[in-house]
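Asks: After the structure tokens below, expect a handful of questions from me.
Please treat every number below as a calculation from the coordinates, not as lab data. Keep in mind that what you see is a predicted model, and the values were worked out from it rather than measured. As a convention, Cβ positions derive from the backbone with ideal geometry for all residues, glycine included, and neighbour counts pool all protein chains shown.
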Amino acid sequence: MALYVSLCNWTEQGIKNVKQTIERVDAAKQAGAKHGVKIRETLYLMGQYDFLAVFEAPDEATVSRFLLAVGMQGNVRSVTLRAFSVEEMQGIVSKL
């Protein structure tokens, strides 16, 4: 499965309900599983972004469905990046 990283910021609604952030992460993990996404880790941040999520998914369409479902709840906005492991990058650069 492909690896992704989402850099996330709370919306006004999300920060007003910040005390429920752990429950929302648990709900996102359950929703992810229904969509074929496995959330590996969630880390809270200081700085430009409020938290990040590292997750696996089989393809971009699956990621899009999952992120749209999460976004529809109105608590978070995200920027999502495709990530590559060291092993995957080694395979990529070996073909240069």
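Here is a yes/no grid of residues against (1) among the acidic types (D, E); (2) farther than 14 Å from L81 by Cα; (3) in contact (Cβ under 8 Å) with a residue 40 or more places away in the chain:
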site	(1), (2), (3)
W10	no, yes, yes
K19	no, yes, no
A28	no, yes, yes
A31	no, yes, no
H35	no, yes, no
K38	no, yes, no
L52	no, no, yes
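Asks: Being surrounded by 12 or more Cβ atoms within 10 Å (Cβ to Cβ), part of a strand (DSSP E or B) and of a type in the set (A, V, I, L, M) is the filter here; which residues of segment 49-80 pass it?
Replies: Answer for segment 49-80, where residues must be surrounded by 12 or more Cβ atoms within 10 Å (Cβ to Cβ), part of a strand (DSSP E or B) and of a type in the set (A, V, I, L, M): L52, A53, V54, A57, V76.
Asks: Are there any pairs, at least 6 apart or on different chains, whose C-beta atoms fall under 6 Å, with the first in segment 69-96 and in contact (Cβ under 8 Å) with a residue 40 or more places away in the chain and within 13 Å of L3 (Cβ to Cβ) and the second basic (K, R) and exposed (fewer than 11 other Cβ atoms within 10 Å of the Cβ), and if so, which?
Replies: Short answer, once both residue conditions are applied: none.
Asks: Go through K95, K38, K19 for me and flag whichever is among the basic types (K, R) and either on the phi > 0 side of the Ramachandran plot or in contact with an Asp or Glu (Cβ under 9 Å, 6 or more places away or on another chain) (or both).
Replies: Step by step, each of K95, K38, K19 is checked, and only K38 is among the basic types (K, R) and either on the phi > 0 side of the Ramachandran plot or in contact with an Asp or Glu (Cβ under 9 Å, 6 or more places away or on another chain) (or both).
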